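The values are calculated or read from the model by the stated rules, or taken from the named source; none is laboratory data. Note that the coordinates shown come from a computational prediction; the quantities given were computed from them, not determined experimentally. Cβ placement follows ideal geometry from the backbone for every residue including glycine, while neighbour counts extend to all protein chains displayed.
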């Protein structure tokens, strides 16, 4: 039996000018030199299934690693929001019970208000998911606060099929 490794790549659509234009915009953001007064943030989220052990795992010994039974009990779901500032080597991965527009807006606001307190404009690279909109801030916050947050963000969307 042959064991083959799978490699995942962005395979762009043939001759798609919109894809190319958006990808070049993202690459230009990534190519900027590090500037702490203009940090580049990347954000994505991942829904996860929470699992509970049905049998007590056996601890590792000198002869073998920790043994965990393959059977599990489903214990709900959650969403991990990954926020990174790659050129600064910073990341944060808050967990929320769900993934909605409001949840995402709250996490972006938290990062802006806790980490970037000087009010600088922050380029935010994200994919084209329907929760990644300026309107999400207006659903989550009062209009004045929503506007203040949105004015501090430069949205840079990855092309569809290219996130």
### Query
Can you name the helices (runs of 4 or more DSSP H) wholly within the stretch 77-163 that have at least 1 residues being modelled with pLDDT of 95 or more, closer than 23 Å to residue 29 by Cβ and within 14 Å of the chain's Cα centre (by Cα)?
101-115
### Positions within the stretch 124-151 being touching a strand residue (DSSP E or B) at 6+ places or on another chain (Cβ under 6 Å) and surrounded by 17 or more Cβ atoms within 10 Å (Cβ to Cβ), in sequence order
124, 125, 126, 132
### Query
Does the stretch 20-37 contain at least one residue that is assigned to a loop (DSSP other than H, G, I, E, B), modelled with pLDDT under 90 and touching a helix residue (DSSP H, G or I) at 6+ places or on another chain (Cβ under 8 Å)?
yes
### Task
Could you list all residues from the stretch 114-140 that are touching a helix residue (DSSP H, G or I) at 6+ places or on another chain (Cβ under 7 Å), without any contact (Cβ under 8 Å) to a residue 40 or more places away in the chain and more than 22 Å from residue 47 (Cα to Cα)?
138
### Message
If I filter the stretch 53-76 for residues that are more than 26 Å from residue 144 (Cβ to Cβ), surrounded by 11 or more Cβ atoms within 10 Å (Cβ to Cβ) and under 12 Å from the mean Cα position of the chain (by Cα), do I get at least one hit?
### Response
no
### Message
Based on this model, can you work out whether residue 48 counts as in a strand (DSSP E or B) and in contact with a strand residue (DSSP E or B) (Cβ under 6 Å, 6 or more places away or on another chain)?
### Response
yes
